[in-house]
Structure formats: structure tokens, C-alpha cells
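Throughout, read-outs are computed from the coordinates displayed, never taken from laboratory work. Just so it is clear, the model here is predicted, and its values are computed rather than measured. Here Cβ is always computed from backbone atoms with ideal geometry, including for glycine, and neighbour counts include all displayed protein chains.
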Amino acid sequence: MPTCKVSSSILPDHAEGVAVARNRIGDSSVVDEVKRIYSSRIIKAGALLADTTTLLANWDNAQSAPDNLSRLQRENVFGKASRSRVNDVLAIFRQRYLTEPDVTKALAILVHNRLSKVALDRILYFHSAQADTLLHATVTEVLADYYSRGRSEIRVDDLERLLRQWVSQGKTSARWSVDTTRRVAQGLLSTLRDFGILEGKNIKRLAPPSLPLAAFAYIAFYLHSKQSSGERLIQSKEWYLFFFSPTDVERRFMEAHQHRLLEYYAAGTVIRITFPSESLEDYARVISEREI
């Protein structure tokens, strides 16, 4: 198969609420300044795993996104759901999975080819975090720190206190009321539980790190397509979404290499990573055929 060296922007330009100033150094982009604006949309969003899978199972890659959405609304794929609920689901679906055509097509292929639920859920979680800066920051800046310090429980009050700090620092799209802040904290914790990052009903705990090899390979391809440096890929903050250290990432790359999902070579500080496909859409077929 042809090989392709492809790569990752830790903070993708399309993510809503992120303004990035870049300097060009050679062929690489350097993020100089990032201003995060957190929204309260998580109150309406949640993980939406079942609804998202339904949409992707009925997605036709031969049609445009607008045509697909119009057809799915006409066909009433959500059954008895109210019109307002359908509109909410479609709005979140657009934000998370429709900003990059290759992503939408790849996800549809993974669903059509019956990638395992746990692997698919991790991929959907990854893209959801890319699209929602608040969800991303909650995991990479808060929960990842909990994990590194051996702290496993997080309560609504803990997260609510942090959110109030972010509101006072001007990091939110508006000054949230006490009720809104509470609902956002609850929404974040329940969403992360549904994505499998947390567990527990009343008191949430960090779930053991879990990232199936097929999901790891998909995410690695996506990140590598944004940033060509193998070293930066291993050090990427995006792996904090799964509580992975650089050592964990290297170990998974070696495992993916052994299963012929990619080629990974490291010699000192020189790291070379190649994939057996040139597009995310094609790679989705590869990993679904070789799922581990």
C-alpha cells in the first residue's frame, strides 16, 4: 500500500471558541496565543452516542451534508422525538462531526463497517472534545491532573468551584448565573460518564484509561494529518483526553505497528510514522477491517 507522512494541530482551527495566532517557522505552525471562550452548550448536548450512531448509520457518503440532513429529517430517523429535540441533536451533530467532510465520511464508514462500540465511542468522544473547548479543558486541565496525582473522585461541587473561577476570569461566553454554572457542571460530569471517561452515579470517579487500538490508530492518523512531527504527536496534549502519558503513547504506537495499522520507527529523537492510507476516509476502512 502507499504510505503517507501526515500530522496534528493540538488546537484545531475549526474548533468553535478558539482564536489562534500562528507564526510560520519553516513548514510548521506554532501556536503563540490561544484565547478560550467556554460556552454552556453542554447543558443541551450530552454524549448523544445513540443518536449520533443512528445518524451515521443512515448517512450516505454519496450525498452532500445538507442533502443527508434533509433526508434524515424527512425519514424521521429519531422516531417519536420532538421537533425541538431533533433540532438540538442536529445542531450538536453539525458542530462535532460536520466541520470536516473527511471526518464525517470516515465516521460513517466506521459505523457501516460495525467498528466495536467501545472503539467508536472513544472516537466520537475525541471529536466532541475537539469541538467543545470547555469539555476539552475539563479533561486535559482538570481530570488529567487528578489522574496524575492519584485522585479518583470528582464531585459536582468541585467542578462548580472551578467553573466559577473560569467565569470570573472571563473565559466564558457570558457571566453564568449560579443555576447555569451548576447545570454546566452536572452536564459535563454526566457527559463524561456517558463517554466512559468517568464512572459512577452520584459520585463520579475517573474510569481506568481505555483506548482500543483501532480508536488509537484513527486518532493518531487524524492528529498526524495536522502536524507532521512524530515527536510532537507523542507529546501532544490531546492524549491527555485519555490520561495517556508520552510513554503510554509510544507503547500504543509500537502495538499498532505490530498489528500493521501503521509503521512506527524511533531512533533517538528521530521518530518516523507512516500510514497505509492517504486519507482519513480510506484509513477508516483499514482499521475497521483489521480491528483489534
Going through 105/201; 105/171; 117/201 one by one, the pairs whose alpha carbons sit over 27 Å apart turn out to be 105/201; 105/171
What does the net charge come to around residue 91 if you take all other residues with beta carbon closer than 9 Å to its beta carbon, with K and R at +1 and D and E at -1?
+2
Hand me the GluC sites (Glu not before Pro) from region 72-161 located in a DSSP loop with no more than 11 other Cβ atoms within 10 Å, in residue order please.
75
Mean Kyte hydropathy of 0.0 or more with a Cα span along the axis of at least 15 Å, helices from DSSP in the chain
101-112, 117-131, 213-224
Can you give the calculated 222 nm mean residue ellipticity of the chain, where each DSSP H run of n ≥ 4 adds -39,500 (n - 2.57) and the sum is split over every residue, rounded to the nearest 500 deg cm²/dmol?
-15000 deg cm²/dmol
Can you give me the C-alpha center-to-center distance between region 268-290 and region 152-207, rounded to a whole angstrom?
35 Å
Restricting region 187-265 to trypsin sites (Lys or Arg not before Pro) in coil, as DSSP defines it, with at most 15 other Cβ within 10 Å
201, 260
Hey, can you rank 101-110, 178-187 by average C-beta count inside 10 Å, highest first?
101-110, 178-187
Label assignment, percent of Cα pairs over 28 Å apart derived from the structure, set [x] 27; [y] 36; [z] 39:
[z]
